[in-house]
Amino acid sequence: MKAIILAAGKGDRFYPFSHYRPKPMFPICNRPLLEWVLERIVAAGITDVGIVVGHRDGRIRSHFSDGRRFECEIAYIEQPEQLGTAHAVCAAAGFIGSNDFLVVYGDLFFEPTVLTQLLDGFRGRSVAAVHHSEQLNRRIRIETDTVGNVVDYTWKPRSSTGTALSGLFVFRNDALQDLGNTPDFATGVQNGVTPPEGHEIAEALALMNREGRPAAAVRADGVCFDMDMPWEPLAVCRLAAEEMARRLEDSSIAGTARVDPDAHIDGPVFVDEGAAISRGARISGPAWIGRNTHVFEGSQIASHTVIGDDCRIGPFAKVSGFVDRNNHITFLGEFSGVILAGGRITHQMQIAGIYGEGAEFGAGTQVGTLRFDDGPTQVEVKGVRHPAPGFSGALFGDYARTGVGTILMPGRIVGPGAMVGPGVVLMKNAPPHKAVILKQQHQVIDWGPEKYDH
């Protein structure tokens, strides 16, 4: 059997983090989500893997190369135009050949048991993983018959709960003809809803049923999270950290790491080679400290925090969340959320949310985490406001920056390469590659010695 990972799409809803990377390359606990996907496929015994690429495909190719480091062989299949999931699979027909094949969406985080259940359910007939969803209006609802065959689907129905496609499939080889015979728009939509364009796998499943070779639904009992919106990496990182914590039963401190006897460590921690924990630092496990990272005096690291290599934390910083390599969170800096590689959070800041590569903040930058009406954070994506349950803070694109004393209101997006100037209170999203500057008016008055003549 061969495996196909779909990773060609641009991920417009994932803005601002989709500009410089394909969505599956967003780091989850400091590893690309696509690496988590590949790791699970290889662990299931499938080592012949094709990755369908398109948008920013160089980032995928340069990270995975030929797959040798990941104990598999990787072929890259180009999809120059992103015309749907079924179209992407058909682009890989030459790679698939006469084999049966696994298909996995590249932006999924799923427990290994989900893939095991799906492969166990494949007994000479195509199967599709399904799960119960509390956000069905953002998913694809499927309908099954009395024996569990997938008979039809509804694209993002108005109902809130039900059974949804998970984004993992195992197809018999003859399903390639059905995937190639789908219409170029989704027909399974509700009345009054404009159908989305594209050749989709869900449409092929309905066709397979009509042709008398239906796919069986296999219920996924484990976690299966479709990372679709820009605030969702934080939830996915938390799921991944929980999985990592189950493997970290006892502390593991490398031989070249230095932990001051006056540091306070509570719970299991992983401290990599060359790392240093200074006196007065407090770490609540489970936590992970990367290679050559220094946690300075008086800093506090919260439970389930993952800090990458070559970072500088403190002194007297507070960190909770997921910090990629080469980040500096220095004197009295407070950070909560996700920040990718190369960020600079300097002194006396309170930063929360999700931050892209190379983010830089002027001293005193503050990020709001609570709306004035105490309601849930809302984020405007592509002109539509969405509630972001469980998320607080801002969404800060790659290579963006702020000036001294900037304030970012909760739920605001700063586009990639943008600059929010000194003293700005950002009430609306900042466009990419633009500067938002505070316009001031000054009045010059006389101010001579007579002002002090009492």
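Placing +1 on each Lys and Arg Cβ and -1 on each Asp and Glu Cβ, with no other charges, gives segment 36-99 a dipole about its Cα centre of roughly 200 debye.
Angle of helix 201-210 to the longest C-alpha principal axis of the chain, folded into 0 to 90 degrees and rounded to 10: 20°.
Using the Karplus relation 6.51 cos²θ - 1.76 cosθ + 1.60 with θ = phi - 60°, the per-residue 3J(HN,Hα) values for segment 285-301 come to x, x, 8, 10, 10, x, 4, 6, 8, 10, 9, 7, 3, x, 7, 10, 10 Hz, with x marking Gly and Pro. Peptide packing for 389-397, 360-368 was compared via the average number of neighbouring C-beta atoms within 10 Å per residue; ordered from the highest value, the list is 389-397, 360-368.
As a fraction of the 1.4 Å probe accessible area of segment 375-454, surface on carbon and sulfur atoms comes out at 56 percent.
Among Phe122, Phe372, the sequence by solvent-accessible area, most first, with a 1.4 Å probe is Phe372, Phe122. The value given for the chain is a Kirkwood hydrodynamic radius of 23.7 Å, derived from the mean inverse Cα-Cα separation. Compared with the dominant principal axis of the Cα atoms in the chain, helix 33-43 is inclined by about 40°.
Can you sort Asp174, Asp446 by solvent-accessible area, 1.4 Å probe, largest first?
Details: Asp174 55, Asp446 125 Å².
Ranked list, largest accessible area first: Asp446, Asp174.
Scalar couplings 3J(HN,Hα) for segment 50-61, obtained by applying the Karplus form with A = 6.51, B = -1.76, C = 1.60 to θ = phi - 60°, are x, 10, 7, 10, x, 4, 6, 5, x, 5, 6, 4 Hz; x denotes Gly and Pro. Largest accessible area first, the residues Lys2, Lys156, Lys434 order themselves as Lys434, Lys156, Lys2 under a 1.4 Å probe with ligands, DNA and RNA left out.
Of all the accessible heavy-atom surface of segment 297-363, with the other protein chains kept in place and a 1.4 Å probe, what percent is carbon and sulfur?
46
Compactness of segment 141-221 was expressed as the Cα radius of gyration divided by 2.2 N^0.38 Å, which yields 1.07. About its Cα centre, the chain has a charge dipole of approximately 540 debye under the convention of +1 per Lys or Arg Cβ and -1 per Asp or Glu Cβ, with nothing else charged.
Taking the Cα centre of segment 224-298 as reference, the dipole from Cβ charges on Lys and Arg (+1) and Asp and Glu (-1) amounts to some 220 debye. Backbone amide hydrogens, once placed in the peptide plane, bring Gly285 within less than 5 Å of Asp266, Gly267, excluding anything fewer than 5 places away on its chain. Ordering Ile46, Asn327, Gly358 by Cα displacement along the dipole of the chain toward the positive end leaves Gly358 in first place; charges were set at the Cβ atoms of Lys, Arg (+1) and Asp, Glu (-1). The distance separating the Cα centre of segment 103-140 from that of segment 40-73 comes to 20 Å. Place a point 7 Å from the Cα of Arg210 along the Cα-to-Cβ direction; which residues of segment 136-178 have their backbone N under 11 Å from it? The answer is none, because no backbone nitrogen lies closer than 11 Å to the label point. Surface exposure of segment 1-133, expressed per residue as accessible area with a 1.4 Å probe, stands at 38 Å². Taking the C-alpha atoms only, the angle from helix 112-121 to the longest principal axis of the chain is near 10 degrees.
Pairs exceeding 24 Å between alpha-carbon atoms, taken from Lys10/Lys439; Lys23/Lys156; Lys318/Lys382; Lys23/Lys439; Lys10/Lys382: Lys10/Lys439; Lys318/Lys382; Lys23/Lys439. The string of couplings for segment 140-147 from the Karplus curve (6.51, -1.76, 1.60, θ = phi - 60°) is 10, 7, 10, 10, 10, 8, 5, 9 Hz, one whole number per residue in order, with x for Gly and Pro.
Taking all protein chains into account, the per residue accessible area for segment 305-454 stands at 50 Å² (1.4 Å probe).
Annotation: segment 132-290 has a Kirkwood hydrodynamic radius of 19.5 angstrom, from the mean reciprocal C-alpha pair distance.
For Ile28, nonlocal amide neighbours, meaning residues 5 or more places apart or on other chains whose placed amide H falls under 5 Å from its own, are Leu33. Database remark: amide H of Val367 closer than 5 angstrom to the amide H of Gln350, Ala352, Leu408 (H placed geometrically; neighbours at sequence offset of 5 or more, or on other chains; Pro and chain starts carry no H). For Lys10, the solvent-accessible surface computed with a 1.4 Å probe is close to 100 Å², ligands and nucleic acids excluded.
The values are calculated or read from the model by the stated rules, or taken from the named source; none is laboratory data. Keep in mind that what you see is a predicted model, and the values were worked out from it rather than measured. Glycine gets a Cβ as well: all are built from the backbone with ideal geometry, and neighbour counts include every protein chain shown. Note: accessible area is taken over every heavy atom of the protein model, side chains too, but ligands, DNA and RNA are not part of it. Shrake-Rupley method; radii C 1.70, N 1.55, O 1.52, S 1.80 Å.
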